[in-house]
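Novice: Take a look at the following structure, please.
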């Protein structure tokens, strides 16, 4: 089952890159718990519970505030029901014009083939420095 879990997560990243949010949401458990990194700008809603909370609290804000926000996956680690992703965020803030190239790690836990838990670890200082008021 673990390679299937890696495939689920890879598919989520591919769908996100293509702007296919419905496919990302479809891969989430209805009761997903999603946590942004401490001190990340969107951690104010932690933990987000359910796909609609993730879409409105994280994805919609990324789309509204950033000219672009991409993820480059460098490695996916298969740990059974847990998948760990390492990569980089590349983004440009709409208001400030500042860009980021920040490392991240994502820890996913899956249940019955769906993403049931997400924890982000990221270079929060770099992201905050690109936003207004920095």
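Yes/no per residue for (1) on the phi < 0 side of the Ramachandran plot; (2) loosely packed, with under 15 Cβ neighbours inside 10 Å; (3) within 13 Å of the chain's Cα centre (by Cα):
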residue	(1), (2), (3)
26	yes, yes, no
30	yes, yes, no
36	yes, no, yes
59	yes, no, yes
76	yes, no, no
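Novice: Shifting gears a bit: Scan the stretch 52-81 residue by residue and report those that are outside any helix (DSSP H, G or I) and free of Cβ contacts under 8 Å to residues at least 40 places away in the same chain.
Specialist: 66, 67, 68, 69, 72, 74, 75, 77
Novice: It is to be established whether one or more residues within the stretch 79-98 are within 17 Å of residue 24 (Cβ to Cβ), buried (at least 18 other Cβ atoms within 10 Å of the Cβ) and out of contact with any helix residue (DSSP H, G or I) (no Cβ under 8 Å at 6 or more places or on another chain).
Specialist: Yes: one or more hits.
Novice: Please identify the pairs in which a residue from the stretch 1-22 that is surrounded by 13 or more Cβ atoms within 10 Å (Cβ to Cβ) has its Cβ atom under 6 Å from the Cβ atom of a residue that is in a helix (DSSP H, G or I), counting only partners at least 6 apart or on another chain.
Specialist: That search, which allows pairs on different chains as well, returns 12/24; 15/23; 15/24; 16/24.
Novice: Right, another one. Just name the residue that is surrounded by the most Cβ atoms within 10 Å (Cβ to Cβ) out of those in the stretch 99-134 that are in a loop (DSSP other than H, G, I, E, B) and touching a strand residue (DSSP E or B) at 6+ places or on another chain (Cβ under 7 Å).
Specialist: 123
Rule-based calculations on the coordinates, nothing more; no lab input. Keep in mind that what you see is a predicted model, and the values were worked out from it rather than measured. Note that each Cβ is placed from the backbone with ideal geometry, even for glycine, and that neighbours are counted across all protein chains shown.
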